[in-house]
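The block underneath contains the structure these notes are about, expressed in C-alpha cells.
The values are calculated or read from the model by the stated rules, or taken from the named source; none is laboratory data. Here the structure is a predicted model, which is why all the values come from computation and not from measurement. Here the Cβ positions follow ideal geometry from the backbone for every residue, glycine too, while neighbour counts run over all protein chains shown. Please note that ligands, DNA and RNA were not included when accessible areas were found on the heavy atoms of the full protein model with its side chains. Shrake-Rupley method; radii C 1.70, N 1.55, O 1.52, S 1.80 Å.
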Amino acid sequence: MRHWRDHDARLAPAAATIWTVTALGEFGASGALTACVVAGIALALLAAPAAKWAVLRRGVAILLGCCALAGAVAAWLAAQRVDERESSPLAAAAAADAFVTIDGTAQSRARLVGDQRLAVVDVHVHAVTYRAETLNTDLSVAVMGEAQMWQSALPGMPVKVRGTAHTPDGSSSEVALIFDSGNSTVALQAPRWSVLAQHVRDGLQHAAAVNDPDSAGLLVALVHGDTSGISDMTTQEFRRSGLAHLLAVSGANVAIVTGAALWAARLLRAPFALQVAAAAAALIAFVLITGSEPSVVRAAGMGVVMLIALGAGRPRAAVPALCSAVIVLLLLMPELAVSIGFILSVLATAGVVVLGGYWTEVLADHMPRFVAAAFAVAAAAGIATLPVIVLLLPVVNTASILANIVAAPAVPVATICGVLAALCASFAMPIAELLCWAAGYCVRWIALVARIAADADPFEFPLPAGVAATLIVTAALIVLVGAAVLTRRRARMRVALGAFLVGVLVLSVPARCMIDSGPGSDWVFASCDVGQGDATLARVADDSAVLLDAGADPAALDECLDEMGVSEVPLILLTHFHADHVAGIPAVLGRREVQKVVFGTFDGGNAETTVRELAGAHDVGVQEVGAGWRLTLGSVHLEVVAPSEPMIGTSSDPNNNSLVIRVSTRGVTMLVTGDLQEEAEAKLVDCGCLSVDVLKVPHHGSKNRDDEFFMRTQARIALISAGEGNDYGHPAPSTVEELRSLGMLVRRTDLHGTIVVVLTADGALAVL
C-alpha cells in the first residue's frame, strides 16, 4: 500500500470542513452556522497550548487548528450570505408570493422544461422593485418563462423581469424563483465573448445535423452539455447504464481537450513549459466556448487540478491541488456546495487521482496498458461516486463499469472531432460536417453500449431509496477497503478474497434472473404506468403483446415493456393523436419488432405526420380504420366499435373521435376508450357493445362523462391511467366514487404503478 504515501492529504480535512459549513449556509441553517463559528474559535484556542506536545500530537493540533480556523471563516462568510438573503426584499416577496420587477444579468443559457414549452434562466439581480420601492442587491434568482422568449438569452445579457416571486425548494442556491408574467424584456446585447461562444455552438449544431437526430444531439451533448436534442428514451438509457456523466460538461471533457492540446504540443517537440501553457490555453478556450456556467466552472476547476499536478511533475501535488480547487470554488461559488454535479466531479477526480494510477500499474502486469488504464480509471471513478449515484437512482448496475470501458475509446474521438467541428464551422462548414460525420460513428457506438447496458437487468441490484442506499453502499465499500488492507501482505488471502467476490457476482446473475422472472404467463392485460397518459397491453404470447396507445414518455413505456417481458409488438393501435397517447412510440418503433401501426380516420395533424414518418423510417406499415374493423392475433381478438362517423363541433373533437376498441383474449374482454367525453359516451350507451370484464376508464378518469356509460359496461375491474400529482385533477373523485358504487374494483397507475390483470388457474380474474 505504498501508493498512499504518494498523496499529501493534509488539506483534505480543511476542505471537507469548509464544504460542510458552506452547505449549511446554502440551506439557510443560521443556527448551525453560529454553532460552527463558536466551535471553530473554541477548537482553535484549545489547539494553541498543544505546541508543547510531542511532534505527532503537535501535528494533529496544528491540523485541528487549521480546520477550526477554516470552518470559522467559512461559517462567518456563510452567515453573511444567509443574513443578506433573509433580509433581502426578494426573500420577503417570495414568502408573500408577491409581484416584483428585477433588473439583472443573465448568468446561464436557457434550460428547457415542461415539454420544451418553458425555459429556466439564472439571473444575477442588480436591483429589485417591490412594493413601489427599488433597492440594490447582489443575489441570484431563477426565472421561468416562455421558451420562445427566453431561449434567446445569453450569459451577460441585461434583462428586466416582471413576475411573481416564490420561495424555491430548500436545496436551491437562488433566493427566489420568478415566474415571468409575459411582460419581461431581454436586451439583445451580450458581451462579445458570449456572442462568439453562441456562434460557435450554433455552428456545431448545424454541422452535427449531417447525422440522424439522436446522434446529432448526443454529439452536441458530448461537446458542451446541451441535452435538448436528446430524446427522453436515450437519456434514460444513459442514466441506467451509468453513462449519464457523458451528457454533461464534466472533468472528462476538460481532460480530453487539454490532453489533446498536450499531445499536439509534444508531437511538435515543444518545451515542457509550453506544453502546460498549451493545455491551459485549451482549457480557457473550452470554458469560453462552452459558457461560464457552474457545471463548466467546476469541470474547469478539476482540470486545473490535473494541470497543477502535471506542472509540478509529481503526483503528490494532485490531492493538495484538488483540495485547493474545492476551497477556492466553494468560496467563489458557494452554491456548488449543494450541487450533485460538483460532488460527483470531486469524488470522481479524487478516485482517479488516488486509485487510478495505482490500479493501472497493478493491472498492467496482466493486460495491455491502455486496457488497464481504461479499466482502472472507469472503476476508480465509478466506485468513488457510487455512494452519491445511488441517491439519484437506488440501483447498483455492475454492468456500468464494463459499459464505461467499452465506450471509453469512442468518447475522446467524438469529443475532439466535435470541438474541432465547432471551431471550423464558422469558416469551413464542409470540413465541420465531415468531422461531425466521422464523430457520428463514435456516438452511435456509445448509444449502442448505453442501450445494451441499460437492459442488463440481471446485473442490476435494487436498493432502498434515499439515504439508506448511500449508507449501505458506503458500509460495503468500507468493508472491502478494510479487507484489502488486512490482506495486503497475504497474496493467497487476496486471491481468495477476489475469487469470493467474483463468485458472488457471477452466481448472483442467475439468481437475479430466477427472482426477477417477470410477470409470468398468466397475465392478459396490463395498464402501464407512463405518467399522465395511456398505454395498455394485451398479451399475445410470452414475449409479445398488442400495444393500445403509447403514452407520452418513451422511457416510461420502455421500462413497462421490459417489466412485462415484451420484446415483440405485432400491432400498435392509437386511439387518437394527443401527445399523452402517442409521444412514447419511439420506445417501440426501431427498438422492438412491429408489424403495423393502426389509427382512426380523424385528422391527427402534425402528430399523425410524425407517426407516419417514424413508421416509414422503420419500414412499418400504417392503416386508418373505423368502426367494424377486426383483427385476430393469436388469442387476441380486436374490434373497433366506434366512432361510426366523425363528431364535429363537440367540446373536444379529437377526444370524442377516439377509437373505442373491444379486446378479447382467453375469454376475458376489455373496453379501451381513449379520451372519450360526455358527447361520445352518450352515443354509445345503447349500442349493445359495452358489456366487458375490464374497463379502461375514459380520459384518465375525467369528470366529463355520461351518467349511464359506466353502468352499461358492467365491468368488474376499472383501470385508470393518470400521472401522479397531475395538474388536471385526474381522476376526478366523483368518477372514482361512481365506479366503486357500481361494484367495480378500481386501480390507478398514479397510486399503484403498472397494473396487471391476470387469469388464475380456476378462471377467475385478479389484479396485481
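When Asp562, Asp558, Asp529, Asp534 are screened for being assigned to a helix (DSSP H, G or I), modelled with pLDDT of 85 or more and either surrounded by fewer than 24 Cβ atoms within 10 Å (Cβ to Cβ) or of a type outside the set (Val, Ile, Thr) (or both), only Asp558 passes. Cβ-Cβ distance below 6 Å, separation of 6 or more or different chains: which pairs start in the stretch 323-338 with a residue that is touching a residue at least 24 places away in the same chain (Cβ under 8 Å) and end on one that is open to solvent by 10 Å² or more (accessible area, probe 1.4 Å) and polar (S, T, N, Q)? Every condition considered, the pairs that remain are Glu335/Ser173; Val338/Ser171. Against the definition (surrounded by 18 or more Cβ atoms within 10 Å (Cβ to Cβ), touching a strand residue (DSSP E or B) at 6+ places or on another chain (Cβ under 7 Å), modelled with pLDDT of 85 or more and not in a helix (DSSP H, G or I)), how does Val622 come out, yes or no? Considered against the rule, which asks whether it is surrounded by 18 or more Cβ atoms within 10 Å (Cβ to Cβ), touching a strand residue (DSSP E or B) at 6+ places or on another chain (Cβ under 7 Å), modelled with pLDDT of 85 or more and not in a helix (DSSP H, G or I), Val622 comes out as no. Listed by first and then second residue, the pairs with beta-carbon distance under 8 Å, at least 6 apart or on different chains, first residue in the stretch 733-750 and without any contact (Cβ under 8 Å) to a residue 60 or more places away in the chain, second assigned to a helix (DSSP H, G or I) and of a type in the set (D, E, K, R), are Val746/Arg740.
Rundown of residues vs (1) among the hydrophobic types (A, V, I, L, M, F, W, C); (2) surrounded by fewer than 21 Cβ atoms within 10 Å (Cβ to Cβ); (3) closer than 25 Å to Ala16 by Cβ, yes/no style:
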{"site": "Ser339", "(1), (2), (3)": "no, yes, yes"}
{"site": "Ser345", "(1), (2), (3)": "no, no, yes"}
{"site": "Gly357", "(1), (2), (3)": "no, yes, yes"}
{"site": "Ile383", "(1), (2), (3)": "yes, yes, yes"}
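So how many residues does the stretch 391-432 have that are assigned to a loop (DSSP other than H, G, I, E, B), open to solvent by 20 Å² or more (accessible area, probe 1.4 Å) and of a type in the set (A, V, I, L, M, F, W, C)? Total satisfying the criteria: 3.
For Ala496, indicate whether it is among the small types (Gly, Ala, Ser), crowded, with 24+ Cβ neighbours inside 10 Å and either modelled with pLDDT of 65 or more or under 18 Å from Lys696 (Cα atoms) (or both). In short, no.
Among the residues of the stretch 565-596, those that are of a type in the set (Asp, Glu) and assigned to a strand (DSSP E or B) comprise Glu568, Glu593.
Count of the stretch 86-136 residues, restricted to those that are part of a strand (DSSP E or B) and touching a His at 6+ places or on another chain (Cβ under 6 Å), is 3. With respect to Asn726, determine if the residue is part of a loop (DSSP other than H, G, I, E, B) and at negative phi. So Asn726 fits the description; yes.
Confirm whether Asp103 is of a type in the set (Asp, Glu), modelled with pLDDT of 70 or more and surrounded by 14 or more Cβ atoms within 10 Å (Cβ to Cβ). If you could, list the steps in order and put the result at the bottom.
Values: of a type in the set (Asp, Glu): yes; modelled with pLDDT of 70 or more: yes; surrounded by 14 or more Cβ atoms within 10 Å (Cβ to Cβ): yes.
Yes, satisfied.
Annotation note: Cβ proximity below 7 Å between a residue of the stretch 431-455 that is of a type in the set (A, V, I, L, M, F, W, C) and a residue that is assigned to a helix (DSSP H, G or I) and modelled with pLDDT of 90 or more (sequence gap 6+ or interchain) occurs for no pair. The set of residues in the stretch 662-708 being open to solvent by 10 Å² or more (accessible area, probe 1.4 Å) and in contact (Cβ under 8 Å) with a residue 60 or more places away in the chain consists of Arg666, Gly667, Asp693. Pairs meeting the criteria (first residue in the stretch 465-489 and more than 12 Å from Ile383 (Cβ to Cβ), second residue at pLDDT below 70, beta carbons under 6 Å, at least 6 apart or on different chains) are Ala483/Leu497; Thr487/Met493; Thr487/Arg494; Thr487/Leu497; Arg488/Met1.
Residues checked against (1) open to solvent by less than 40 Å² (accessible area, probe 1.4 Å); (2) among the small types (Gly, Ala, Ser); (3) modelled with pLDDT of 75 or more:
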{"site": "Met306", "(1), (2), (3)": "no, no, no"}
{"site": "Leu310", "(1), (2), (3)": "no, no, no"}
{"site": "Pro315", "(1), (2), (3)": "no, no, no"}
{"site": "Leu322", "(1), (2), (3)": "yes, no, yes"}
{"site": "Ile327", "(1), (2), (3)": "yes, no, yes"}
{"site": "Leu336", "(1), (2), (3)": "yes, no, yes"}
{"site": "Gly351", "(1), (2), (3)": "yes, yes, yes"}
{"site": "Val362", "(1), (2), (3)": "no, no, no"}
{"site": "Met367", "(1), (2), (3)": "no, no, no"}
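Is it the case that some residue within the stretch 671-685 is modelled with pLDDT under 85, more than 22 Å from Ala764 (Cβ to Cβ) and not in a helix (DSSP H, G or I)? So far as the stretch 671-685 goes, yes, one or more of its residues are modelled with pLDDT under 85, more than 22 Å from Ala764 (Cβ to Cβ) and not in a helix (DSSP H, G or I).
In the set (1) open to solvent by 30 Å² or more (accessible area, probe 1.4 Å); (2) modelled with pLDDT of 80 or more, Val143 fails one condition alone, (1).
Look through Asp212, Asp122 and report the one residue that is surrounded by fewer than 20 Cβ atoms within 10 Å (Cβ to Cβ) and either among the charged types (D, E, K, R) or within 29 Å of Val411 (Cβ to Cβ) (or both).
Numbers: Asp122 fails: surrounded by fewer than 20 Cβ atoms within 10 Å (Cβ to Cβ).
Going through Asp212, Asp122 in turn, just one is surrounded by fewer than 20 Cβ atoms within 10 Å (Cβ to Cβ) and either among the charged types (D, E, K, R) or within 29 Å of Val411 (Cβ to Cβ) (or both): Asp212.
Checked against the criterion of being more than 35 Å from the chain's Cα centre (by Cα), modelled with pLDDT of 85 or more and assigned to a helix (DSSP H, G or I), the stretch 749-765 contains not a single residue that satisfies it. Scanning the stretch 221-255 for residues that are open to solvent by less than 30 Å² (accessible area, probe 1.4 Å) and β-branched (Val, Ile, Thr) yields Val223, Ile230, Thr234, Val249, Val254.
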